[in-house]
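The values are calculated or read from the model by the stated rules, or taken from the named source; none is laboratory data. In this text the structure is predicted, and so the values were computed from the model without any measurement. As a convention, Cβ positions derive from the backbone with ideal geometry for all residues, glycine included, and neighbour counts pool all protein chains shown. All accessible areas refer to the heavy atoms of the entire protein, side chains included, with ligands and DNA or RNA removed. Shrake-Rupley method; radii C 1.70, N 1.55, O 1.52, S 1.80 Å.
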Amino acid sequence: MPHVKIEPGYNTQQVLNYGYHYWDQMFNDRQLLALSILATGIKNLPTCPERDVLMLLFSGVLEFNNMFASYKGEGTGAVRHMFSHHILKPERMPLEANVWGTDKSSGSFLNLFQSRILRAVKYKEAPFEVSLDKTAKTKSGKKVFGLSSAIGADISPAYPINGLSEKSVYLSCGNSARTDIPDNSVDVVITDPPFFDNVHYAELADFFYVWQQLYFDEKDAFTDSTTRHPDEVQDADVNAFAQKLAAVFVECYRVLRESGLMIFSYHHSRNEGWLSVADAVFSSNFSFVQAQPVKAEMSVATPKSQASSPIDLDVFLVCRKRENDGRSYLTRDKAFEAAYSIASAKIKRFNGLGRKLSQNDIKVVFYSQLLVELSPGRSKTQFCADFEHLVEKAKGEIDSLWQRQAENQPEQESLHYQLALF
Ligand SMILES: C[S@@+](CC[C@H](N)C(=O)[O-])C[C@H]1O[C@@H](n2cnc3c(N)ncnc32)[C@H](O)[C@@H]1O
């Protein structure tokens with residue numbers, strides 16, 4: 001078992017404060033025994049891609065089978081895994097699952113093999129989109145097959161000298177600020193970066209890493225003692241965060257074709273979270289051209305913000321190289337007016353779909369639209385000054401947009417337009 005010390009950090013401090021000092025202390029003895037048997041079984045399989053998949057699945061099993069896991073609803077039997085909130089905190093009432101699995105278990109090796117591996121293989125062979133079924137009384141989804149061909153590609157471990165051929169994939173693992181992808185060769189970059197001072201991923205990833213290192217390190221791939229890295233895009237200091245994110249965006253700029261788009265997801269409740277992302281976009285010579293709010297993967301992590309005004313939206317921010325943003329400069333007031341009117345329409349659309357937004361959600365919609373409207377023709381310094389001024393001005397408007405949602409009635413007929421593509 002991985003009797004490895006938990007080093008201090010932003011997320012790890014959360015658990016050190018509760019008196020946990022070693023990663024194996026998050027499991028009980030029965031879990032440690034079962035997990036060690038499982039890891040040894042996978043380790044002893046002949047080397048093949050299927051074994052690699054099982055090694056990966058083992059991390060999923062760890063996530064559900066520890067004393068930080070709880071339940072989704074008392075009595076339902078469904079296990080809530082330990083990272084459902086992206087924080088490291090022991091549960092008042094942990095739920096111990098069955099590591100191996102039965103017909104009725106949740107979070108077990110058997111369940112996850114079926115729900116993650118077999119389901120993924122099935123999807124790969126016959127991909128589908130989900131469309132909302134308007135005929136059903138309660139909202140339900142319908143799988144629509146045949147819109148994309150089966151997923152499959154030759155994976156190249158290095159960028160091919162003659163470029164990528166059709167249906168081939170170059171998979172590069174490492175720092176996105178330094179890739180070997182050629183200049184001006186990419187049409188679209190789509191990325192999901194860390195949000196400012198939110199989750200320190202490498203600290204959390206060490207929970208899995210100590211097990212992987214102990215059982216699966218035959219290729220000497222896990223020689224470092226931790227997954228923490230100075231180039232990881234995350235920092236409690238706003239300027240350091242912006243600099244690290246900008247280093248990745250500069251690389252995106254280099255590899256993108258002139259007409260290319262860089263698209264990333266974001267949300268934040270604090271002004272500095274938005275300013276840091278604008279700083280990174282401007283420093284890498286991009287311009288925000290569109291903002292598309294969508295339902296997020298999960299509500300924001302901290303219980304405090306969940307209680308008062310949870311963020312339930314992510315916004316996809318679409319950026320172009322600055323020199324290719326053909327829009328005209330808008331004065332500060334005009335930019336505000338435009339942002340207000342477009343944000344109101346987007347909020348109305350969510351309301352029309354039966355979704356009431358929290359104040360922080362409204363802020364996400366409004367602020368992201370301000371980024372778009374303020375982008376053309378401004379320097380980074382002008383942009384930041386105007387953005388700060390307008391977010392002050394927006395406070396009252398956000399409140400009234402939030403209050404006025406009751407006037408926007410759900411429109412049953414438009415239910416199928418849940419997700420807009422751009
Ligand atoms: C918001 S998460 C993305 C999660 C992903 N969309 C998913 O569903 O699993 C951000 C990720 O960026 C990674 N990251 C941080 N800095 C990076 C860097 N310099 N290069 C590559 N990845 C980095 C983090 O480790 C983390 O896994």
- request: Test each condition in (1) assigned to a loop (DSSP other than H, G, I, E, B); (2) within 28 Å of the chain's Cα centre (by Cα); (3) surrounded by 17 or more Cβ atoms within 10 Å (Cβ to Cβ) for Val61 and report the one that comes out false.
  value: (1)
message: Just to be sure before I move on: is Asp206 in contact with a Lys or Arg (Cβ under 6 Å, 6 or more places away or on another chain) and acidic (Asp, Glu) in the structure I sent?
response: no
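Among the residues of segment 113-141, write down those that are touching a residue at least 60 places away in the same chain (Cβ under 8 Å) and touching a His at 6+ places or on another chain (Cβ under 9 Å). Lay out the reasoning, then the answer.
The initial filter retains those residues of segment 113-141 that are touching a residue at least 60 places away in the same chain (Cβ under 8 Å), namely 117, 131-132, 134, 139.
Answer for segment 113-141, where residues must be touching a residue at least 60 places away in the same chain (Cβ under 8 Å) and touching a His at 6+ places or on another chain (Cβ under 9 Å): Ser131, Leu132, Lys134.
Rundown of residues vs (1) under 22 Å from Gln213 (Cβ atoms); (2) part of a loop (DSSP other than H, G, I, E, B), yes/no style:
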position: Met1; (1), (2): yes, yes
position: Ser36; (1), (2): yes, no
position: Glu50; (1), (2): yes, no
position: Glu74; (1), (2): no, yes
position: Met82; (1), (2): yes, yes
message: All but one of (1) aliphatic (A, V, I, L, M); (2) out of contact with any helix residue (DSSP H, G or I) (no Cβ under 8 Å at 6 or more places or on another chain); (3) without any contact (Cβ under 8 Å) to a residue 60 or more places away in the chain hold for Ala343; state the number of the condition that does not hold.
response: (2)
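Can you tell me how many residues in segment 225-242 are among the hydrophobic types (A, V, I, L, M, F, W, C), within 13 Å of the ligand (Cβ to nearest atom) and in a loop (DSSP other than H, G, I, E, B)?
The number of residues fulfilling the criteria is 1.
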- line: Selection from segment 208-224 of residues away from the ligand (no atom under 13 Å from the Cβ), closer than 21 Å to Leu88 by Cβ and in contact (Cβ under 8 Å) with a residue 24 or more places away in the chain yields Val210, Trp211, Gln212, Gln213, Leu214
query: For Gly273, all conditions in the list (1) in the same structural domain as Ile362 (by TED's automatic domain parsing); (2) more than 16 Å from the ligand (Cβ to nearest atom) hold save one; what is the number of the exception?
result: (2)
query: Can you spot a residue in segment 96-104 that is hydrophobic (A, V, I, L, M, F, W, C), open to solvent by less than 50 Å² (accessible area, probe 1.4 Å) and at pLDDT below 95?
result: yes
field: Residue ID - most open to solvent (accessible area, probe 1.4 Å), chosen from residues in segment 171-213 that are of a type outside the set (A, V, I, L, M, F, W, C), within 21 Å of Val238 (Cβ to Cβ) and not in a loop (DSSP other than H, G, I, E, B)
entry: Tyr201
message: Please go through segment 136-170 and give me each residue that is in a loop (DSSP other than H, G, I, E, B), closer than 26 Å to Ser265 by Cβ and open to solvent by 100 Å² or more (accessible area, probe 1.4 Å), ordered by number.
response: Lys139, Leu147
query: Scanning for something free of Cβ contacts under 8 Å to residues at least 24 places away in the same chain, surrounded by 14 or more Cβ atoms within 10 Å (Cβ to Cβ) and under 30 Å from Ser344 (Cβ atoms), does segment 232-241 turn up at least one residue?
result: no
